[in-house]
């Protein structure tokens, strides 16, 4: 079974594909740009590898279970066996992931990921390639010198210094006006294009986070039947989260126990985060947020900071 091919397919749909107890492949979006050589690059998603993300998010296991028509537990066992083989092979050779990149150990015996830069995981850029912008050149038809000699009218040959000077000034003004208009058009197209790409990134991020939430919930509860346990809980110990407005939250985790959730909130607050309890999920778990914001932009900025700067596990939730 070629797990590397499954990883490549999933990276076109998800921003994060985790291999339990091995690491996670992450995609990051970049907008269209023009480099210093004049080459135009379409919007793209590039892939990186984070060896610190080891917790199973259920994406790869669910994909294998559906593809091979096996149970979720069987898919996890296949992954565990493959990860053991990868760790042994990594000591002496390079692991190749076709269409994604390769993983090897550097001189310090640490994992090093080399991406395959030719692959663009942005579906909206399918069929778009890098191309070079060529300047628009104005063609000037040179008149035949014999035409002047054949002209029988002597009026066309009479020019005064004032006429030549006026023609020269009008030509300069005409080219200056064309240049100003061209600069204005390029500036406007860049401004509106950049704003459009930014808005699209936010929309795609929201869609991806909602899908990740669904996958995490499915992976969490698709573990077979459990023995029932009777627990008596005092209603005075349960705190309800009352929402009187819309919040945009960055979720750190979900807990069955309110005590564990409150302990997580205390830890995050001690680290300097504006942590708080978010709304319960549909399965009754207590969600703990790094922060709950009134502005979507603040929440997205915090999410990017946690994922790409601190390399922490977090996801976005809009509470209504």
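The values are calculated or read from the model by the stated rules, or taken from the named source; none is laboratory data. What you see is a predicted model, and the numbers here were worked out from it, not measured in a lab. Glycine gets a Cβ as well: all are built from the backbone with ideal geometry, and neighbour counts include every protein chain shown.
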Test residue 76 against the stated conditions and say whether it is touching a strand residue (DSSP E or B) at 6+ places or on another chain (Cβ under 7 Å) and either under 28 Å from residue 44 (Cβ atoms) or surrounded by 12 or more Cβ atoms within 10 Å (Cβ to Cβ) (or both). no
Does residue 267 count as over 16 Å from residue 299 (Cβ atoms), touching a strand residue (DSSP E or B) at 6+ places or on another chain (Cβ under 6 Å) and modelled with pLDDT of 90 or more? no
Which listed residue, of 288, 250, is in contact (Cβ under 8 Å) with a residue 60 or more places away in the chain, part of a strand (DSSP E or B) and within 23 Å of residue 53 (Cβ to Cβ): 250
Being over 19 Å from residue 4 (Cα atoms) and within 11 Å of the chain's Cα centre (by Cα) is the filter here; which residues of segment 40-58 pass it? 43, 44
With the requirement that a residue be loosely packed, with under 10 Cβ neighbours inside 10 Å and more than 17 Å from residue 21 (Cα to Cα), what does segment 88-118 give you? 92, 106, 107, 108, 109, 118
How many residues of segment 255-275 are touching a helix residue (DSSP H, G or I) at 6+ places or on another chain (Cβ under 8 Å) and either within 12 Å of residue 314 (Cβ to Cβ) or not assigned by TED's automatic domain parsing to the domain that holds residue 313 (or both)? The answer is 1
Mind telling me which of the residues 299, 278, 289, 314 ends up being in contact with a helix residue (DSSP H, G or I) (Cβ under 6 Å, 6 or more places away or on another chain), assigned by TED's automatic domain parsing to the domain that holds residue 260 and farther than 17 Å from residue 29 by Cα? 314
Please enumerate the residues belonging to segment 291-311 that are over 21 Å from residue 200 (Cα atoms) and without any contact (Cβ under 8 Å) to a residue 40 or more places away in the chain. 309, 310
Among residues of segment 20-32, those that are within 20 Å of residue 115 (Cα to Cα) and either touching a strand residue (DSSP E or B) at 6+ places or on another chain (Cβ under 8 Å) or surrounded by fewer than 14 Cβ atoms within 10 Å (Cβ to Cβ) (or both), counted: 9
Taking segment 270-285, which residues are over 21 Å from residue 320 (Cβ atoms) and either at pLDDT below 90 or not in a loop (DSSP other than H, G, I, E, B) (or both)? 270, 271, 272
Residue that is under 24 Å from the mean Cα position of the chain (by Cα), modelled with pLDDT under 75 and closer than 26 Å to residue 315 by Cα, where the choices are 120, 62: 120
